[in-house]
1. List every residue pair whose Cβ atoms sit under 8 Å apart, with the two residues 6 or more apart in sequence or on different chains, where the first one lies in the range 37-62 and is on the phi > 0 side of the Ramachandran plot and the second, anywhere, is open to solvent by less than 40 Å² (accessible area, probe 1.4 Å) and polar (S, T, N, Q).
2. Kindly provide the set of residues from the range 105-146 that are open to solvent by less than 60 Å² (accessible area, probe 1.4 Å), farther than 22 Å from residue 56 by Cβ and among the charged types (D, E, K, R), ordered by number.
3. Considering only residues that are closer than 23 Å to residue 74 by Cβ and touching a residue at least 60 places away in the same chain (Cβ under 8 Å), which ones fall in the range 16-25?
4. What are the pairs, 6+ residues apart or on separate chains, where a residue within the range 161-172 that is touching a residue at least 12 places away in the same chain (Cβ under 8 Å) has its Cβ under 7 Å from a residue that is among the polar types (S, T, N, Q) and crowded, with 19+ Cβ neighbours inside 10 Å?
5. Starting from residues that are hydroxyl-bearing (Ser, Thr, Tyr) and at pLDDT 95 or above, keep the ones in the range 1-52 and report whichever is farthest from the chain's Cα centre (by Cα).
6. Would you check which residues across the range 158-185 are open to solvent by 60 Å² or more (accessible area, probe 1.4 Å) and modelled with pLDDT of 95 or more and list them?
7. Do we have residue 201 as modelled with pLDDT under 95, in a loop (DSSP other than H, G, I, E, B) and out of contact with any helix residue (DSSP H, G or I) (no Cβ under 9 Å at 6 or more places or on another chain) here?
Amino acid sequence: MKADLHIHCHYSEDSWAKIGDIIENAVRRGIRCIAITDHDEFRAHLDIHDDRVIVIPAEEVSSAEGHILAYGIDRRIPRGMGVRETIDAIHEAGGIAIAAHPYRYHSGLGEENIVPEFDGIEALNGWSKRKDNDRSKDLAHSFGKIVTAGSDAHTANRVGESWVMLPDTVTTWQEAMEAIRAGVTEMHSSDRSMFQTIQYVLKSAALWFKRGGRRMSRNPSK
């Protein structure tokens, strides 16, 4: 089965996607497993009661150094902590910690923050440029642990543009987690076009001004 492991809904400040629309687009594209990884939010999976898709409890955590994907967690992970502190919190919540889009300019961790405690790296991201995806894929494989991929959809129509393949025998999110830990054998991703890059820069700038010049990954209390 195909699994899109990086999706945002209206609980993220930069997304207005409705959960119902996300589900419908996932089903239409043959995606049977999803992770809604809202920025510093954990509520989305509680809103989904649709047996057409398997939903992994997840979050995209804004650490002090960049974004970290948390899968299989049982609680919300606080934002603004250091990388190792964030990873520890994810592990304590029963989850795995994945470095999200490591080469993204304003929210990627960069190679310098890929510490051994990570469980893996997001190799392909549908909202990243091809050259960044190529570098992420090389980094993920050299890291030698879990490899993931996801659309990073912030609108419902982009759901399913990136995915990993899990066994068709998976029937629960716990089994999906076991399959991800065991290692995915196939993955696919679209790449962000130049027009989409311009859209992304303009949107990021607008959100930056809205936050008063504060990076999303920075603790607002600091």
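1. Close Cβ pairs (under 8 Å, with a partner that is open to solvent by less than 40 Å² (accessible area, probe 1.4 Å) and polar (S, T, N, Q)) amount to 40/62.
2. If the condition is that a residue be open to solvent by less than 60 Å² (accessible area, probe 1.4 Å), farther than 22 Å from residue 56 by Cβ and among the charged types (D, E, K, R), then 132 is the only one that fits.
3. 22
4. 161/151; 162/125; 162/151; 162/189; 164/148
5. The qualifying residue farthest from the chain's Cα centre (by Cα) is 11.
6. Start the filter on the range 158-185 by keeping residues that are open to solvent by 60 Å² or more (accessible area, probe 1.4 Å), which leaves 167-169, 171, 173-175, 178, 181-182, 185.
Of everything in the range 158-185, those that are open to solvent by 60 Å² or more (accessible area, probe 1.4 Å) and modelled with pLDDT of 95 or more turn out to be 167, 168, 169, 171, 173, 174, 175, 178, 181, 182.
7. Values: modelled with pLDDT under 95: yes; in a loop (DSSP other than H, G, I, E, B): no; out of contact with any helix residue (DSSP H, G or I) (no Cβ under 9 Å at 6 or more places or on another chain): yes.
So residue 201 does not fit the description; no.
The values are calculated or read from the model by the stated rules, or taken from the named source; none is laboratory data. The structure displayed is predicted, hence computed values, not measured ones. No Cβ is skipped: glycine too gets one built from the backbone with ideal geometry, and neighbour counts run over all protein chains shown. Keep in mind that these areas ignore ligands, DNA and RNA; they rest on the heavy atoms of the full protein, side chains included. Shrake-Rupley method; radii C 1.70, N 1.55, O 1.52, S 1.80 Å.
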